[in-house]
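S.K.: One structure is given below, represented as structure tokens, and several questions about it will come after.
The values are calculated or read from the model by the stated rules, or taken from the named source; none is laboratory data. As the structure is a computational prediction, the values presented were derived from the model and not from experiment. Glycine also receives a Cβ, built like all others from the backbone with ideal geometry; neighbour counts cover every protein chain displayed. Keep in mind that these areas ignore ligands, DNA and RNA; they rest on the heavy atoms of the full protein, side chains included. Shrake-Rupley method; radii C 1.70, N 1.55, O 1.52, S 1.80 Å.
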Amino acid sequence: MKKYNVHMLKTFTSLCLLFLISIHAFAIETIEISGGGTKQINIAVMPYKEIIIDKTSSRMHQIIAADLYRSGFFRSIEVNGLVNKPSSLSDINYAEMTAIQAQVMTLGQVEISNNRLKVNWFLVDINKKTILTTMEYSGPVAQYRAIAHKISDTIYEKLTGIPGVFSTKISYITKNKGRYSLNVADADGFNVQSVVGSPQPIISARWSPDGTKIAYVSFEKKKPIIYIQSLVTGQRTVLANFKGNNSSPSWSPDGKSLAIVLTYNANSQIYLIDADGSNLKPLIQSTHIDTEPVWSPDGRFIYFTSDRGGRPQIYKVSSTGGEPQRVSFEGNQNLNPNVSPDAKMLSYVTQDEGRFRVVLHDLQTGQITKITDGPFDEAPKFSPNGHVILYAHKISGSGELSTVSIDGVVRQSFNINADDIREPAWAPFVK
């Protein structure tokens with residue numbers, strides 16, 4: 001079994017502490033924006049002037065522009081045709097920025113010396129000719145991309161009022177030449193590290209609420225067993241190795257217990273178990289197949305997939321047990337439920353007209369919105385801020401990983417070299 005780089009998460013969680021952040025004494029204002037998609041904000045991300053001793057190509061603005069575009073809230077204005085590419089406030093030609101329809105712009109300078117970098121950057125309202133935000137970040141050169149993501153997070157939150165997710169992590173499972181690997185990467189797919197590898201299948205990886213552990217199912221013992229692995233120490237323990245299949249772990253919001261699926265008696269049934277593997281108890285008992293449990297953010301309900309209506313559909317039940325209630329009614333079958341962080345939306349895969357597509361289900365109005373085209377989409381997962389969905393899909397028989405904004409307008413695929421990619425999961429915000 002391949003061991004995880006135990007220093008990665010520590011480095012990630014302490015990133016903010018490593019940054020030296022200062023806010024300049026400029027007048028800071030706010031602008032009002034709303035919605036995404038057709039109401040995207042036009043942002044000009046100017047090339048940050050890189051003052052370097054060694055040879056390093058300027059790319060910070062490219063990372064920032066890609067982050068913001070992927071969110072669905074921004075339209076990055078093409079700036080390559082501009083003769084004047086300002087890197088300081090005094091160089092801004094506001095008339096020219098207005099001419100290319102930029103509403104806001106970011107510009108700055110990157111200094112790299114003695115293996116450290118310092119970034120001074122600005123976010124400017126073009127119409128008001130005012131500074132919205134300006135900061136200075138510094139840290140080791142190894143955190144170049146992390147600092148770029150931090151700038152993207154700051155811009156995103158400043159203009160939307162919603163925390164950015166560009167500094168968060170994702171996980172997914174790859175299969176290459178017959179070997180499976182559970183991987184953790186930055187939210188844009190870079191900095192990939194393997195948590196565990198095996199010649200036998202690995203499935204159903206789920207992040208703990210504090211982002212320090214991952215529960216997953218491994219077939220390395222020739223049967224599905226649920227493990228919990230620390231991303232800080234690399235230590236892993238067996239959570240569930242009962243008779244039959246052990247699968248579909250889902251952490252409770254407080255991280256103290258998990259919902260799991262066992263075939264202990266017959267059909268797949270949902271059980272609750274403490275995070276140390278003790279106190280196993282059934283949540284519901286039926287003669288049907290109940291699987292894929294996920295908790296609501298407040299811990300009151302567990303959503304799951306069941307065939308009790310004849311075909312797979314989404315149901316919910318109190319986390320203390322009781323009578324399940326059917327949630328999904330449209331489509332031949334619905335599966336892979338995932339609840340948004342604000343508990344207002346449910347995403348799942350619907351099978352309709354022979355295509356498996358990701359849908360959003362408004363739990364207050366009941367409105368269903370299809371946000372992907374299929375035909376073989378699976379495993380949608382909300383970003384920690386609830387505004388982007390990560391999902392897997394198949395193209396020409398091979399799995400790929402993509403994101404889609406919740407309005408369905410912006411979709412982007414990850415460039416991952418693997419024979420197959422499946423079962424993505426998005427890590428929570430690290431506090």
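S.K.: Look at K394 and say whether it is within 26 Å of K256 (Cβ to Cβ), part of a strand (DSSP E or B), in contact with a strand residue (DSSP E or B) (Cβ under 9 Å, 6 or more places away or on another chain) and free of Cβ contacts under 8 Å to residues at least 24 places away in the same chain.
M.R.: No, not satisfied.
S.K.: Continuing with this model, one more query. Out of everything in segment 400-415 that is in contact (Cβ under 8 Å) with a residue 40 or more places away in the chain and over 18 Å from V359 (Cβ atoms), what residue ends up being most open to solvent (accessible area, probe 1.4 Å)?
M.R.: Here the residue is N415.
S.K.: Do we find a residue being free of Cβ contacts under 8 Å to residues at least 24 places away in the same chain, in a loop (DSSP other than H, G, I, E, B) and surrounded by fewer than 22 Cβ atoms within 10 Å (Cβ to Cβ) anywhere in segment 374-386?
M.R.: yes
S.K.: Under the condition of being open to solvent by 70 Å² or more (accessible area, probe 1.4 Å) and within 28 Å of the chain's Cα centre (by Cα), which residue from segment 63-89 is nearest to G408 (Cα to Cα)? Talk me through it step by step, then tell me what you get.
M.R.: Narrowing segment 63-89 to residues open to solvent by 70 Å² or more (accessible area, probe 1.4 Å): 69, 75, 78, 80-81, 83, 85.
Going one step further and asking which of them are within 28 Å of the chain's Cα centre (by Cα), we end up with 69, 75, 78.
Values: Y69: 13, R75: 15, E78: 23 Å.
Here the answer is Y69.
S.K.: Here are the criteria: (1) closer than 20 Å to A185 by Cβ; (2) at pLDDT below 95. Tell me which single one Y156 does not satisfy.
M.R.: (2)
S.K.: I'd like the residue in segment 217-231 that is touching a residue at least 24 places away in the same chain (Cβ under 8 Å) and closer than 12 Å to N245 by Cβ and, out of all such residues, is surrounded by the most Cβ atoms within 10 Å (Cβ to Cβ).
M.R.: The residue in question is I226.
S.K.: Pick out the one residue from I92, I43 that is of a type in the set (A, V, I, L, M), at pLDDT 90 or above and within 31 Å of the chain's Cα centre (by Cα). Please lay out each step first, then the result.
M.R.: Working: I92 fails: within 31 Å of the chain's Cα centre (by Cα).
Checking each option against the conditions leaves just I43.
S.K.: Next question, about the same structure. Given (1) over 30 Å from T133 (Cα atoms); (2) open to solvent by less than 40 Å² (accessible area, probe 1.4 Å); (3) touching a residue at least 60 places away in the same chain (Cβ under 8 Å); (4) of a type in the set (S, T, N, Q), identify the lone condition not met by S247.
M.R.: All conditions are met except number (3).
S.K.: Here's something else I'd like to know. Going through segment 174-216 one residue at a time, which ones are over 24 Å from N385 (Cβ atoms), open to solvent by 10 Å² or more (accessible area, probe 1.4 Å), touching a strand residue (DSSP E or B) at 6+ places or on another chain (Cβ under 7 Å) and outside any loop (DSSP other than H, G, I, E, B)?
M.R.: T174, K175, R179, Y180, S181, S194, I203
S.K.: Moving to a separate point now. In segment 397-418, what residues are outside any loop (DSSP other than H, G, I, E, B), within 14 Å of I170 (Cβ to Cβ) and touching an Asp or Glu at 6+ places or on another chain (Cβ under 8 Å)?
M.R.: Hit for segment 397-418 is S413, nothing else.
S.K.: Provide a single number: the residues in segment 169-199 that are closer than 13 Å to Y216 by Cα and without any contact (Cβ under 8 Å) to a residue 24 or more places away in the chain.
M.R.: 2
S.K.: Further question: Can you confirm whether segment 250-267 contains a residue that is farther than 30 Å from N332 by Cα, open to solvent by 70 Å² or more (accessible area, probe 1.4 Å) and modelled with pLDDT of 95 or more?
M.R.: yes
S.K.: Could you please find all residues in segment 269-297 being farther than 18 Å from R206 by Cβ and either of a type in the set (D, E) or outside any loop (DSSP other than H, G, I, E, B) (or both)?
M.R.: The answer is Q269, K281, P282.
S.K.: Hey, can you tell me all the residues within segment 63-84 that are among the basic types (K, R) and at pLDDT 90 or above?
M.R.: The answer is R75, and nothing else.
S.K.: Right, something else. Does K85 fit the bill of being more than 26 Å from P428 (Cα to Cα) and either polar (S, T, N, Q) or part of a strand (DSSP E or B) (or both)? Steps first, answer last, please.
M.R.: Values: more than 26 Å from P428 (Cα to Cα): yes; either polar (S, T, N, Q) or part of a strand (DSSP E or B) (or both): no.
When the stated conditions are applied, K85 does not pass them.
To keep it simple, each residue is scored yes or no on (1) in a loop (DSSP other than H, G, I, E, B); (2) open to solvent by less than 10 Å² (accessible area, probe 1.4 Å).
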| site | (1), (2) |
| --- | --- |
| R311 | yes, no |
| I314 | no, yes |
| G322 | yes, no |
| G331 | yes, no |
| R357 | no, no |
| G366 | yes, no |
| T372 | yes, yes |
| L390 | no, yes |
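S.K.: Could you tell me which residue of segment 152-172 is nearest to K394 (Cα to Cα), considering only residues that are part of a strand (DSSP E or B) and open to solvent by less than 10 Å² (accessible area, probe 1.4 Å)?
M.R.: Going through the qualifying residues, I end up with Y172.
S.K.: D420: open to solvent by 20 Å² or more (accessible area, probe 1.4 Å), modelled with pLDDT under 95, in contact with a helix residue (DSSP H, G or I) (Cβ under 9 Å, 6 or more places away or on another chain) and at negative phi, yes or no? Break it down stepwise before answering.
M.R.: Details: open to solvent by 20 Å² or more (accessible area, probe 1.4 Å): yes; modelled with pLDDT under 95: yes; in contact with a helix residue (DSSP H, G or I) (Cβ under 9 Å, 6 or more places away or on another chain): no; at negative phi: yes.
Judged against the criteria, D420 is not a match.
S.K.: Given the conditions (1) more than 16 Å from the chain's Cα centre (by Cα); (2) basic (K, R); (3) closer than 30 Å to Q285 by Cβ, which single one is not true for K370?
M.R.: Result: K370 passes all but (3).
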